[in-house]
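Beneath this line is the structure, given in structure tokens, with notes to follow.
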Amino acid sequence: MNLDELGAVAAAAGLRSFAAKQMAKWLYVKRVTDIMEMTDLPVRARQQLIDEGYTVGRVAPIHEARSTDGTVKYLFPGAPARDVEAVYIPDRDRATLCVSSQAGCKMACRFCMTGQGGWQGNLTAGQIINQVLSIPESDTLTNIVFMGMGEPADNIDAVLRAVDILTAPWGMAWSPRRITVSTIGKQPGLDMLLERTQVHIAVSLHSPFADERADLMPVEKAWPATELLATLRRHDFAHQRRLSIEYTMFDGINSDMRHAHALARLLQGTDARVNLIRFHRTPGFEGRPASQAQMERFRDTLNAAGITATIRASRGEDIMAACGMLAGNKKQTKQSENEQ
Ligand code: SF4
């Protein structure tokens with residue numbers, strides 16, 4: 001709940017308006033798990049809230065898998081037919097949590113295990129925030145990325161509410177510069193993210209050519225990358241917020257120099273930096289990973305054209321936690337643990 005909603009709850013329980021801020025502090029700063037722990041509210045009001053069915057709503061992970069590289073994948077209850085995963089990624093002085101925004105995904109990107117399993121439901125803002133608050137490493141987090149299961153722009157109301165709770169002074173008071181929302185470019189949702197938040201934006205492109213991108217990502221047919229980039233050019237990514245382009249590299253599909261030159265042309269004037277992502281084979285997709293040499297040549301070509309590009313380190317592959325591998329499936333998680 002945001003502050004207005006907590007205010008309505010406080011009023012219904014006969015509490016003064018400042019009780020909303022007190023409740024927000026208990027929920028998002030002191031992180032209690034039980035309404036009875038909100039000790040500066042009258043006992044009678046706390047009991048009334050419980051009697052009316054209110055709960056704090058915190059739910060612990062139901063399963064976890066630990067990678068040899070320190071990455072931890074947590075499974076949380078999602079929709080009735082599908083759980084969701086959040087991935088904790090420690091890296092020197094950074095600790096990033098990759099959160100899910102949907103149970104599954106409707107966007108059907110061919111290379112992605114989440115997409116291959118279809119869509120089973122949207123997460124609420126509470127379910128998104130719960131991933132942040134309920135992992136054991138919650139207090140150590142420095143960054144949050146919405147790059148887990150689902151397309152954030154397809155569940156934009158809950159994502160905006162979650163970003164509000166994460167960044168508001170009455171909430172968790174995180175700087176938006178520590179939050180990145182990743183999207184494949186579902187335009188109405190992306191527009192709202194650009195206008196109503198200051199978080200960093202990551203856009204998954206994966207090909208500079210419309211026909212080839214549409215083959216990998218059906219979203220291209222409804223919201224072409226050229227229109228998407230025209231929108232992004234109207235925003236300032238040179239100062240406060242950052243725009244990154246996510247580009248997963250498949251051998252023989254999108255990783256030759258023709259693609260590199262076309263990508264550089266497409267990104268001119270956007271202030272975007274490019275993250276080149278190693279592809280991890282997924283059972284339902286025939287693509288193969290590009291080689292290290294191909295990735296380095298691609299990176300160097302982009303850099304020579306004035307586009308900052310880096311090869312992103314791959315984390316948690318052994319527990320099926322790397323990009324494109326989240327399935328929200330306990331059996332799959334356990335299986336991969338057994339294979340270690
Ligand atoms: S890559 Fe993202 S948008 Fe595409 S199917 Fe997977 S989760 Fe959905």
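Gain in length, Ala293 to Arg234, computed as 0.36 nm per residue apart minus the alpha-carbon separation, to one decimal in nm? If you can, show how the numbers build up before the last one.
Numbers: separation 59, 0.36 × 59 = 21.24 nm, distance 3.49 nm.
So the chain would gain 17.7 nm between Ala293 and Arg234.
When only C-alpha pairs under 8 Å and at least 6 residues apart count, what is the relative contact order of the chain, in percent? Intermediate results must be reported in sequence, preceding the final value.
Values: 666 pairs, mean separation 53.1, N = 340.
Relative contact order for the chain comes out at 16 percent.
Taking the Cα centre of region 130-227 as origin, work out the dipole magnitude from +1 charges on Lys and Arg Cβ and -1 charges on Asp and Glu Cβ, in debye rounded to 20. If you can, show how the numbers build up before the last one.
Values: 7 positive and 13 negative charges, 61 e Å.
Dipole size: approximately 300 debye.
Report the extension gain between Glu227 and Thr124 in nm, rounded to one decimal, defined as 0.36 nm multiplied by the number of residues separating them, less their alpha carbon distance.
Numbers: separation 103, 0.36 × 103 = 37.08 nm, distance 2.94 nm.
Gain on extension, Glu227 to Thr124, equals 34.1 nm.
If you place +1 on the Cβ of every Lys and Arg, -1 on the Cβ of every Asp and Glu, and leave all else neutral, what size is the dipole of the chain about its Cα centre, to the nearest 20 Debye? It would help to have the intermediate numbers written out before the result.
Working: 39 positive and 38 negative charges, 77 e Å.
Here the chain has a charge dipole of around 360 debye.
Please report, to one decimal in angstroms, the Kirkwood hydrodynamic radius of region 102-145 built from all distinct Cα-Cα pairs. If you can, show how the numbers build up before the last one.
Values: mean 1/r = 0.0829 Å⁻¹.
12.1 Å is the Kirkwood radius here.
What whole-number volume per residue, in cubic angstrom, does the convex hull of the C-alpha atoms of region 1-88 give? Please report the intermediate quantities before stating the final value.
Details: hull volume 10.6 nm³, N = 88.
So the per-residue Cα hull volume is 120 Å³.
Could you line up Ser101, Ser255, Ser314 from fewest to most neighbouring Cβ atoms inside 10 Å? Walk me through the numbers on the way to the answer.
Working: Ser101 29, Ser255 23, Ser314 16.
Going from least to most buried by this count: Ser314, Ser255, Ser101.
By the gyration tensor of its Cα atoms, with a ≥ b ≥ c the square roots of the eigenvalues, what is the shape of region 3-51: rounded for a/c under 1.5, prolate for a/b over b/c, or oblate?
Here region 3-51 falls in the oblate category.
So if I restrict to the alpha-carbon atoms in region 199-340, what is the Rg, and what is Dmax, the biggest pairwise distance, in Å?
16.0, 49
Once you put a point 7 Å from the Cα of Arg110 and another 7 Å from the Cα of Ala214, both along the Cβ direction, what distance in nm separates them?
1.3 nm
What per residue convex hull volume, in Å³, do the alpha-carbon atoms of the chain yield? Don't jump to the answer; show the numbers that get you there.
On the way: hull volume 46.1 nm³, N = 340.
Spelled out: Cα convex hull of the chain, divided by residues, is 136 Å³.
Please get the size of the charge dipole for region 6-47, origin at its Cα centre, with Cβ charges of +1 on Lys and Arg and -1 on Asp and Glu, quoted in debye to the nearest 20.
Numbers: 7 positive and 3 negative charges, 22 e Å.
Using Cβ point charges on Lys, Arg, Asp and Glu, region 6-47 gives about 100 debye.
Which residue fluctuates most in the GNM of the chain (Cα springs below 10 Å): Phe76, Phe285, Phe111?
Answer for the Gaussian network model of the chain: Phe285.
Apply the Kirkwood formula to region 139-194: the hydrodynamic radius equals the inverse of the mean of 1/r over all pairs of different alpha-carbon atoms; give it in Å with one decimal. Intermediate results must be reported in sequence, preceding the final value.
Working: mean 1/r = 0.0854 Å⁻¹.
Taking every pair of different Cα atoms in region 139-194, averaging 1/r and inverting gives 11.7 Å.
Based on other C-beta atoms within 10 Å, arrange Ser17, Ser244 from fewest to most. Mind showing how you got there, number by number?
Working: Ser17 10, Ser244 20.
Fewest-to-most ranking of Ser17, Ser244: Ser17, Ser244.
Report for the chain the percent antiparallel among DSSP-assigned beta bridges with both residues inside it, nearest 5.
On the way: 19 of 43 bridges.
Taking every DSSP beta bridge within the chain, about 45 percent pair in antiparallel fashion.
If amide H atoms are built 1.01 Å from N in the plane of the peptide, which residues on other chains or at least 5 residues away come under 5 Å of the amide H of Asp91?
Thr96
Along the charge dipole of region 211-340, pointing to its positive end and built from +1/-1 on Cβ of Lys, Arg, Asp and Glu, which listed residue (Leu232, Pro289, Leu263) has its Cα farthest out?
Toward the positive end, the furthest listed residue is Leu232.
Taking K and R as +1 and D and E as -1, what net charge do the other residues with C-beta under 14 Å from the C-beta of Glu151 add up to? Intermediate values should be presented prior to the final figure.
Details: positive: Lys106, Lys186; negative: Asp154, Asp157, Glu220, Glu246.
That sum, taken over residues with Cβ under 14 Å, equals -2.
Computed FRET efficiency, Cβ-Cβ of His261 and Val9, R0 35 Å: what is it to the nearest 0.05?
On the way: r = 56 Å, r/R0 = 1.61.
E between His261 and Val9, to the nearest 0.05, is 0.05.
How much length is gained if the chain between Glu37 and Met192 is pulled fully straight, taking 0.36 nm per residue apart and subtracting their Cα-Cα distance, in nm to one decimal?
52.2 nm
For the chain, with a Gaussian network of springs between Cα atoms less than 10 Å apart, report the residue from Glu137, Glu220, Glu85 with the top mean-square fluctuation.
Looking only at Glu137, Glu220, Glu85, the largest GNM fluctuation is found for Glu137.
Each reported figure results from applying straightforward, stated rules to the coordinates on display, with no laboratory input. Just so it is clear, the structure is predicted and the values come from calculations on it, not from any experiment. Backbone-built Cβ (ideal geometry, glycine too); neighbour counts: all protein chains shown.
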